[in-house]
1. Determine which member of the set A15, A32 is touching a residue at least 40 places away in the same chain (Cβ under 8 Å), among the aliphatic types (A, V, I, L, M), assigned to a helix (DSSP H, G or I) and under 16 Å from K203 (Cα atoms).
2. Can you confirm whether segment 261-275 contains a residue that is at pLDDT below 85, crowded, with 17+ Cβ neighbours inside 10 Å and among the charged types (D, E, K, R)?
3. For segment 205-214, indicate whether the set of residues that are in contact with a Leu (Cβ under 8 Å, 6 or more places away or on another chain) and either at pLDDT below 75 or in the same structural domain as L63 (by TED's automatic domain parsing) (or both) is non-empty.
4. Among (1) farther than 26 Å from G31 by Cβ; (2) part of a loop (DSSP other than H, G, I, E, B); (3) touching a strand residue (DSSP E or B) at 6+ places or on another chain (Cβ under 8 Å), where does K201 come up short?
5. Looking at segment 164-182 only, could you name the residues that are touching a residue at least 24 places away in the same chain (Cβ under 8 Å), in contact with a helix residue (DSSP H, G or I) (Cβ under 9 Å, 6 or more places away or on another chain) and not β-branched (V, I, T)?
6. For segment 27-55, how many residues meet the condition of being modelled with pLDDT under 95 and of a type in the set (S, T, N, Q)?
7. Go through segment 35-64 and give me each residue that's surrounded by fewer than 22 Cβ atoms within 10 Å (Cβ to Cβ) and small (G, A, S).
Amino acid sequence: MGRSYRASETGLKQAEEVFEQKGWTQEYLAGAAGYSRAPVISFFARRPVDKKVFKAICAALCLEWGEVAELEADEVPERTLNIDELIVSVRNNIYGSVFDKCGSMRVLDMSQPIGLDDIYTDVNILEKITGRRRLGIPQLLEQVDLENFERFSLSGIREERVPGLQAVEEHSKLMILGKPGARKTTFLKHLAIQCMEGRFKPKLVPLFVTLKDFAEDSEQPSLLEYLTQLFASYGVDSETKRKTRTLTTSDNRTSTVESFLNQGRVLVLLAGLFHSR
């Protein structure tokens, strides 16, 4: 079938059953697979879909693509997932756990937690710490009111702010500083949910870690060990290694999360830096 697959009649029926059970929309499935809605529409219409996209859609539905695709007689289905399909599969496996941790916030004087989307507002970030900025005399003079020179100060100088999502897109490593109540943790939880739903960095697996819990772990693990334990608690590692050879190249002892980290496929979100021991 060249560079594309289409679903068989029985395969499509299987996919439709899973799709209905999950209660997803086609738009949501497209985000979970990491692609636009157009190939999802073609998938359910039994029209040809690029092989890579077809496999990603099947992985998002937790289906074996070889059991869904209409294959030529001489075509042998692969039984291992590539890294992109594996990321989709893992994200779907851990969705419930991440949403439980990041999808709501407990607000003072409220008996029940409230959904994060119900209270979240966009965050803007200063890329430079204002207390450490260095300005030349020409820059300072631009802010001077010559009629009130005796009242000269730096209070009128303003640094440009950038949207929080833009800052994360442009920098692979960030430390977000702010006063208590500045919504740092809320922003990180928002990133985790956006990533999990395929709206932000859909090719990555988000891992949200409260550093207070990490610091108080009785085993005192390293951060890598703690992330590995977190993945294991989601029930991901053993299932993943059964599905792919991608992660077990030179050392079968390498954990899934370590392999993902080595390939730059994890969005690590560490909350509460200055509350840890």
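1. A32
2. Within segment 261-275, none of the residues are at pLDDT below 85, crowded, with 17+ Cβ neighbours inside 10 Å and among the charged types (D, E, K, R).
3. For segment 205-214, residues in contact with a Leu (Cβ under 8 Å, 6 or more places away or on another chain) and either at pLDDT below 75 or in the same structural domain as L63 (by TED's automatic domain parsing) (or both): absent.
4. All conditions pass for K201, except number (1).
5. G164, L165, M175, L177, listed by residue number.
6. 1
7. Listed by number, the residues that qualify are S36, A38, S42, A45.
The values are calculated or read from the model by the stated rules, or taken from the named source; none is laboratory data. As the structure is a prediction and not an experimental result, all values here were calculated from the model. All Cβ positions, even for glycine, are placed from backbone atoms using ideal geometry, and neighbour counts span all protein chains on display.
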